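Trainee: Take this structure, written in structure tokens, and hold onto it; I'll ask about it next.
What follows is calculated from the coordinates using simple rules that are stated; it is not laboratory data. Not measured: the values here are computed from a predicted model. Positions of Cβ are backbone-derived with ideal geometry, glycine not excepted, and every protein chain shown enters the neighbour counts.
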Amino acid sequence: MKKYEQQRSFLKSNFHEFKKMKTDKQIGLLKPPIVKEYYLDSKIVTLPKPCSQVITQENIFNCIEERRSTRFYSEECLSIDELSYLLWATQGITGTNKAGLTLRTVPCSGATHTFETYLFIMRVEGLQSGIYRYLPIEHKLLFMNELENIEQKIDAITLEQPFVPNFAKKAAVLFAWSTIPYRSEWKYDTTAHKKILIDVGHVCQNLYLTSESIGAGACAIGIYDQKLIDEVLELDGEDEFVLYLGAVGKKRNKFPS
Ligand SMILES: Cc1cc2nc3c(=O)[nH]c(=O)nc-3n(C[C@H](O)[C@H](O)[C@H](O)COP(=O)(O)O)c2cc1C
């Protein structure tokens with residue numbers, strides 16, 4: 001079917017085509033930075049070391065079996081330890097390879113890790129509400145701004161949700177993963193983009209499963225206003241733009257007394 005041809009081709013391996021390409025890496029262009037820079041006078045929040053004590057459901061079989069996209073949340077806050085665990089599980093650094101690239105809690109094509117994590121924080125114990133960026137090397141948060149009317153902004157960003165309207169603003173935290181595609185394009189040229197999409201799926205799946213393990217629930221969000229969220233997060237929309245969102249909150253008690 002003609003109309004799908006181009007997009008289907010994007011989904012394919014394209015390895016033979018890749019072998020014929022001269023990538024920016026091969027022609028000796030400078031390797032892009034592995035993480036985004038920040039000003040030293042930024043407001044930085046230290047996170048507790050990620051630890052397994054926050055886990056209430058240790059059985060991975062149960063976490064996988066019970067995982068559901070969760071769009072109703074309790075009023076309960078996430079603790080800072082829980083947030084630290086979720087950030088570590090989705091983008092935490094656990095090593096480096098010979099090329100000096102980071103190895104993380106999620107697999108990633110060629111360890112290119114093109115993602116930056118932004119958080120819309122509504123309810124985390126001890127943290128001011130607002131938008132933050134995760135600094136994976138330091139395992140810290142950079143406070144970006146308070147974001148006035150944060151709930152209204154999230155409503156506008158997440159457009160007309162098909163299952164539960166306006167649910168994202170009721171989450172404790174909304175994760176927003178941006179990509180800086182050149183980190184992968186430098187190495188994989190025009191075959192980078194399929195890999196980036198696969199990579200972000202791993203990130204969100206870890207959010208789902210680790211949320212489950214702390215009595216919280218997550219929901220992936222692919223329906224969002226690209227221009228608006230990029231503007232809110234001060235991304236240029238070309239060299240860095242949002243790719244995927246994930247809402248997280250403590251689960252509502254099924255049988256409230
Ligand atoms: C790529 C992707 C995008 C999604 N986007 C949304 C979304 O915008 N809104 C929403 O409510 N759910 C969204 N979901 C959740 C799916 O609707 C959900 O995974 C699906 O209905 C299956 O349900 P389950 O996750 O509970 O097994 C998305 C899931 C994926 C993987």
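Trainee: Quick one: go through the stretch 106-147 and flag any residue whose amide nitrogen is under 18 Å from the point 7 Å out along the Cα-to-Cβ line of His202.
Mentor: Of the residues in the stretch 106-147, 106-117, 136-137 have backbone N under 18 Å from the label point off His202.
Trainee: Give, as a single signed number, the net charge of other residues whose beta carbon lies under 12 Å from the beta carbon of Arg133, with Lys and Arg counted +1 and Asp and Glu -1.
Mentor: So the surrounding residues net to -2.
Trainee: Using the Cα centre as the reference, give the magnitude of the dipole from point charges on the C-beta atoms of the stretch 139-257 (Lys, Arg: +1; Asp, Glu: -1; all else neutral), rounded to the nearest 20 debye.
Mentor: That gives a dipole near 860 debye.
Trainee: Here's a follow-up. Which loop chymotrypsin sites (Phe, Trp or Tyr not before Pro) in the stretch 156-204, with loop taken from DSSP, have no more than 13 other Cβ atoms within 10 angstrom of their Cβ?
Mentor: Answer in residue order: Phe163.
Trainee: As a footprinting exposure proxy, order Asp236, Asp81 by other Cβ within 10 Å, with the fewest listed first.
Mentor: In order of increasing Cβ crowding within 10 Å: Asp236, Asp81.
Trainee: Report the extension gain between Leu11 and Glu234 in nm, rounded to one decimal, defined as 0.36 nm multiplied by the number of residues separating them, less their alpha carbon distance.
Mentor: Taking Leu11 through Glu234 to full extension adds about 77.3 nm, to one decimal.
Trainee: Sticking with this structure for a sec: What is the distance, in nm, between label points placed 7 Å from the Cα along the Cα-to-Cβ direction at Phe163 and at Met1?
Mentor: For Phe163 paired with Met1, the spin-label model returns 2.4 nm.
Trainee: Right, next: Quick one: net charge around Gly201, please, counting Lys, Arg +1 and Asp, Glu -1 for every other residue with C-beta under 12 Å from its C-beta.
Mentor: Its environment carries a net charge of +1.
Trainee: Treat the stretch 216-256 as a sphere of radius equal to its Kirkwood radius over Cα pairs and apply Stokes-Einstein at 4 °C in a medium of 1.567 mPa s; give the translational diffusion coefficient in µm²/s, rounded to a whole number.
Mentor: 107
Trainee: What are the ³J(HN,Hα) values, in whole Hz, obtained from phi via the Karplus relation 6.51 cos²θ - 1.76 cosθ + 1.60 with θ = phi - 60°, for each residue of the stretch 173-184 in sequence order, with x given for Gly and Pro?
Mentor: In residue order, the calculated couplings are 9, 10, 7, 10, 9, 9, 10, 10, x, 4, 4, 9 Hz.
Trainee: How much space per residue, in cubic angstrom, does the convex hull of the C-alpha atoms of the stretch 84-196 take up?
Mentor: Cα-based convex hull of the stretch 84-196, divided per residue, equals 129 Å³.
Trainee: Helix by helix through the chain, keep the DSSP H runs that span 30 Å or more along the axis on Cα and average at least -0.5 on Kyte-Doolittle, and give those back in order.
Mentor: Helices passing the filter in the chain: 192-213.
Trainee: Looking at the stretch 91-156, which GluC sites (Glu not before Pro) are DSSP coil and have at most 16 other C-beta atoms within 10 Å of their C-beta?
Mentor: Here the GluC sites (Glu not before Pro) that fit, given the DSSP loop and packing criteria, are Glu125, Glu138, Glu146, Glu148.
Trainee: For a quick check: sort Met122, Met21 by the number of other beta carbons within 10 angstrom, fewest at the front.
Mentor: Met21, Met122
Trainee: List the residues, sorted by chain then number, that are 5 or more residues from Asn166 or on another chain and whose placed amide H is less than 5 Å from its amide H.
Mentor: It is Gln161, by chain and number.
Trainee: What do you get for Rg/Rh over the chain if you use C-alpha atoms and the Kirkwood form of Rh?
Mentor: Taking Rg over the Kirkwood Rh, I get 0.97.
Trainee: With +1 assigned to the C-beta of every Lys and Arg and -1 to the C-beta of every Asp and Glu, and no other charges, what is the dipole magnitude of the stretch 70-188 about the Cα centre in debye, to the nearest 20?
Mentor: Dipole about the Cα centre, nearest 20: 540 debye.
Trainee: Going down the table (Lys12/Lys169; Lys36/Lys98; Lys25/Lys194; Lys140/Lys170; Lys98/Lys227; Lys20/Lys195), which pairs top 27 Å between alpha carbons?
Mentor: The answer is Lys12/Lys169; Lys98/Lys227.
Trainee: Using modelled backbone amide H atoms (1.01 Å from N, in-plane), which distant-in-sequence or interchain residues come within less than 5 Å of Leu147's amide H?
Mentor: HN-HN under 5 Å from Leu147: Ile131.
Trainee: Using DSSP loop states and a limit of at most 16 other Cβ atoms within 10 Å to flag trypsin sites (Lys or Arg not before Pro), what is the longest stretch of the chain containing no flagged site?
Mentor: 99-251
Trainee: Ordered by residue, what ³J(HN,Hα) values in Hz, to whole numbers, does the stretch 28-43 give under the Karplus form 6.51 cos²θ - 1.76 cosθ + 1.60, where θ = phi - 60° and Gly and Pro are x?
Mentor: Values per residue, Gly and Pro as x: x, 5, 4, 5, x, x, 7, 9, 6, 7, 8, 6, 5, 8, 5, 7 Hz.
Trainee: With each pseudo-label sitting 7 Å past Cα toward Cβ, what's the Leu103-Ile223 distance in nm, one decimal?
Mentor: Here the answer is 4.0 nm between the modelled labels.
Trainee: Fewest to most neighbouring Cβ within 10 Å: what's the order for His113, His202, His16?
Mentor: Going from least to most buried by this count: His16, His202, His113.
Trainee: Oh, and also: Name the long-range amide H neighbours of Gly249: under 5 Å, sequence gap of 5 or more, or other chain; modelled H, no Pro or chain starts.
Mentor: Correct list: Ala172, Gly217.
Trainee: I want to check the label-to-label distance for Glu148 and Thr46. Put each point 7 Å from Cα in the C-beta direction and report it in nm to one decimal.
Mentor: According to this spin-label approximation, the distance is 3.4 nm.
Trainee: Taking the Cβ of Thr179 as the center, what net charge do the other residues with Cβ under 15 Å away carry, scoring Lys and Arg +1 and Asp and Glu -1?
Mentor: It works out to a net charge of -1.
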